[in-house]
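Asker: This is the structure I want to talk about, given as structure tokens.
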Amino acid sequence: MSETIKDLKRTHLCGEVSEKEIKKQVTIMGWVQKRRDHGGVIFTDIRDRSGIVQVVFNPEIGESLFAKADTLRSEYVIAITGEVRSRPEGNVNLDLPTGKIEIKAIELRILDKAKTPPIQIEDNIDTGEDIRLKYRYLDLRRPKMKKIIGLRHQVTKTTRDYLDQNGFWEIETPILTKSSPEGARDYLVPSRVNPGEFFALPQSPQIFKQLLMVSGMERYFQIARCFRDEDLRANRQPEFTQIDMEMSFVKQEEVMEITEGLMKELFSIGEIEVPNKIERMTYEEAINRFGSDKPDLRFGMELKDLSELVKDSDFNIFSGTVAKGGQVKGINFKGGADSPRSTIDGFEEYVKMFKAKGLAWIALRENGLKSPIAKFLSEAEIEAIKSKLEAQKGDLLLIVADQASFVAAALGNLRLKIAKENGLIPAEVYKFVWIIDFPLFEYDENEDRLTAIHHPFTAPNEEDVNKLDSDPTSVRSKAYDLVLNGEELGGGSIRINNNKLQEKVFSALNISQKEQEDKFGYLLEAFDYGTPPHGGIAFGLDRLMMIISRTSSIRDVIAFPKTQKATSPLTNAPAKVDKKQLKELGISLRS
């Protein structure tokens, strides 16, 4: 029979008992971590959220109490009252904050017993993630997991404090809203009281935060839950949390400055330094130098344009590509000249995944130059290529000739692959960069139309507005992404705040008048009643937490995550529902 704490008060957390309490009586409560019997004395480590403290049971405390202590097993929940004393010389454990003291037990209450847990409650366990997620409530007892969840609390509290100090109000937006898929699929929720109609769970609070600016709230934020029914990757979740912000009467630079201040506060929790002013880089420069709008700046191997050097070459793959408006670019894999042919062939297969037709290479080995294309190039062209790529003996030059977008994707990804596989990325180095001046649109070959790179509410640069009809793909936007070490932390933009411009952008996106009205009519109507210039940004809290806590799995920073297949081993969700529920909703399932 479990005992109670009816007449007992917890005086201290386990990890906070210190030398200050020596000779004082304390009461702690927690879980049994370990129990050891040494020469007739029982030592028990007691654990709560704050840490671990050692409790000693001597036979002198009485036969009944000592016998009860002898029944203790791992994960029993207990309450201990005892006197704090210094540990005997030789028994001090400097690895524990409480390692200089112990508690001599006077009273023991067993609040609940426990079965032997299916996973060990300690760090560095060799247990599959499926078992850890099935018994997540046990997994969360491990010190590492508790520390991460505690850090997450610090991050959200610091966010609230910082934004409050900067004039933001925390405002909740609806979870049950209207479906307007723009990219990922919505999670749909059937309405029982409106048969045949559906709510959608929000992919982001985008439209509502803009409506809050129309409402005159001026500065809004929310630690927002978002939902996307998309094909999952290793570090994606179907439901996730973002730090969402919106501001009225601001320009792009002001949003970025507020964000930089927040990032300094949040990353200091993880002892990561953020520059006072983060570097700005245009989208065009990022693509030209790194082949990506999420550039990893921790290492070199930048893309170099060789088009001018080979435009008149007898090697038609190079000169012909340039003549057709394509590009010839290369990267220098320093020290890679002795890579085996199988490795280089692997590089070629890899770039083909990004639509490149092939990969040319020049190896500058100690015994001379080796390359399958050298015979097609003049000596002057080879020297010019070597000079442009700052090549020396021992280097491997890798070159792609193709459409500009294919060249960027192929070499940008190959650059990352080589760096990761060859240890070229330094540890504990953090390179932040703002990417600005994104194109407003990109062409989607599958849908044969323009799509918005960020979303259709992003404002174009004023000087490019007149190109919306004549040359929409050249229009730049007032969008900005914050990138760290090749990962996008968050993105935002200055928004469109008048109907005429919004309708112009919708038209460029081939969104019909009816579709505009069906999906966004309430927002467009709100714009008729005086809308301030406004802009904002959103950050993935889970991704921030991965970096701050230095963990490689997004599931480690979420208390109750889903698997990569969007399921919960703990609750067995998603699951079938009763036919009666489906009938009430007017839903029938096809067999």
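Asker: When the residues of region 309-339 are narrowed to those that are touching a helix residue (DSSP H, G or I) at 6+ places or on another chain (Cβ under 8 Å) and of a type in the set (D, E, K, R), which ends up surrounded by the most Cβ atoms within 10 Å (Cβ to Cβ)?
Answerer: LYS329
Asker: Return the only residue of ARG35, ARG47 being closer than 19 Å to GLU60 by Cα, crowded, with 18+ Cβ neighbours inside 10 Å, not aliphatic (A, V, I, L, M) and not assigned by TED's automatic domain parsing to the domain that holds LEU140.
Answerer: Details: ARG47 fails: closer than 19 Å to GLU60 by Cα.
Answer to the check: ARG35.
Asker: Residues in region 183-216 that are crowded, with 16+ Cβ neighbours inside 10 Å, touching a residue at least 40 places away in the same chain (Cβ under 8 Å) and over 24 Å from THR567 (Cα atoms): how many?
Answerer: 8
Asker: Given TYR283, TYR350, which one is at pLDDT 95 or above, touching an Asp or Glu at 6+ places or on another chain (Cβ under 6 Å) and either surrounded by fewer than 20 Cβ atoms within 10 Å (Cβ to Cβ) or not assigned by TED's automatic domain parsing to the domain that holds GLU260 (or both)? Give the derivation first.
Answerer: Values: TYR350 fails: touching an Asp or Glu at 6+ places or on another chain (Cβ under 6 Å).
The match here is TYR283.
Asker: Filter region 162-182 down to the residues that are free of Cβ contacts under 8 Å to residues at least 60 places away in the same chain and among the acidic types (Asp, Glu) and list them by number.
Answerer: ASP164, GLU170, GLU172
Asker: Now, a different point. Identify all residues within region 528-545 that are under 33 Å from the mean Cα position of the chain (by Cα), over 30 Å from LYS147 (Cα atoms) and not polar (S, T, N, Q); write none if there are none.
Answerer: Once the filter is applied, which keeps residues that are under 33 Å from the mean Cα position of the chain (by Cα), over 30 Å from LYS147 (Cα atoms) and not polar (S, T, N, Q), region 528-545 yields PRO532, PRO533, HIS534, GLY535, GLY536.
Asker: Can you tell me which of (1) over 14 Å from ILE106 (Cβ atoms); (2) surrounded by 14 or more Cβ atoms within 10 Å (Cβ to Cβ) is the one THR71 doesn't meet?
Answerer: (2)
Asker: Only one of these conditions is not met by GLU16: (1) loosely packed, with under 12 Cβ neighbours inside 10 Å; (2) of a type outside the set (A, V, I, L, M); (3) within 44 Å of the chain's Cα centre (by Cα). Which number is it?
Answerer: Every listed condition holds for GLU16 apart from (1).
Asker: Given the conditions (1) assigned to a strand (DSSP E or B); (2) within 17 Å of VAL26 (Cα to Cα), which single one is not true for LEU111?
Answerer: Going through (1) assigned to a strand (DSSP E or B); (2) within 17 Å of VAL26 (Cα to Cα) one by one, LEU111 breaks only (2).
Asker: Same structure, new question: Select from region 74-97 the residues that are over 15 Å from LYS24 (Cα atoms) and either of a type in the set (Gly, Ala, Ser) or within 39 Å of the chain's Cα centre (by Cα) (or both) and list them in ascending order. Don't jump to the end; show me each part of the working.
Answerer: Applying the first criterion (over 15 Å from LYS24 (Cα atoms)) to region 74-97 yields 74-79, 88-97.
Those that are over 15 Å from LYS24 (Cα atoms) and either of a type in the set (Gly, Ala, Ser) or within 39 Å of the chain's Cα centre (by Cα) (or both): SER74, GLU75, TYR76, VAL77, ILE78, ALA79, GLY90, ASN93, LEU94, ASP95, LEU96, PRO97.
Asker: From the list LYS478, LYS500, exactly one residue is of a type in the set (Lys, Arg) and more than 21 Å from VAL255 (Cα to Cα). Which is it?
Answerer: Selected residue: LYS500, the only one of LYS478, LYS500 that is of a type in the set (Lys, Arg) and more than 21 Å from VAL255 (Cα to Cα).
Asker: Restricting region 136-194 to residues that are among the small types (Gly, Ala, Ser) and within 29 Å of LEU523 (Cβ to Cβ), which is modelled with the highest pLDDT? It would help to see each step written out before you state the result.
Answerer: We begin by selecting, within region 136-194, every residue among the small types (Gly, Ala, Ser); these are 150, 167, 179-180, 183-184, 191.
Among the residues that remain, those that are also within 29 Å of LEU523 (Cβ to Cβ) are: 167, 179-180, 183-184, 191.
Values: GLY167: 98, SER179: 88, SER180: 75, GLY183: 62, ALA184: 74, SER191: 94.
If we take residues in region 136-194 being among the small types (Gly, Ala, Ser) and within 29 Å of LEU523 (Cβ to Cβ), then GLY167 is modelled with the highest pLDDT.
Asker: Given the conditions (1) more than 18 Å from ARG280 (Cα to Cα); (2) assigned to a loop (DSSP other than H, G, I, E, B); (3) touching a residue at least 12 places away in the same chain (Cβ under 8 Å), which single one is not true for ALA427?
Answerer: Condition (3) is where ALA427 drops out.
Asker: Here are THR11, THR98, THR81, THR71: which of them is assigned to a strand (DSSP E or B) and among the polar types (S, T, N, Q)?
Answerer: Result: THR81 is the single residue among THR11, THR98, THR81, THR71 that is assigned to a strand (DSSP E or B) and among the polar types (S, T, N, Q).
Asker: While we're on this one: When region 97-122 is examined, which residues are found to be in the same structural domain as VAL53 (by TED's automatic domain parsing) and more than 16 Å from VAL32 (Cβ to Cβ)?
Answerer: PRO97, GLY99, LYS100, ILE101, LYS104, ILE106
The values are calculated or read from the model by the stated rules, or taken from the named source; none is laboratory data. The shown structure was predicted, so the numbers you read here are calculated from the model rather than taken from an experiment. Because the Cβ atoms are built from the backbone with ideal geometry, glycine has one as well, and the counts that use them run over all protein chains shown.
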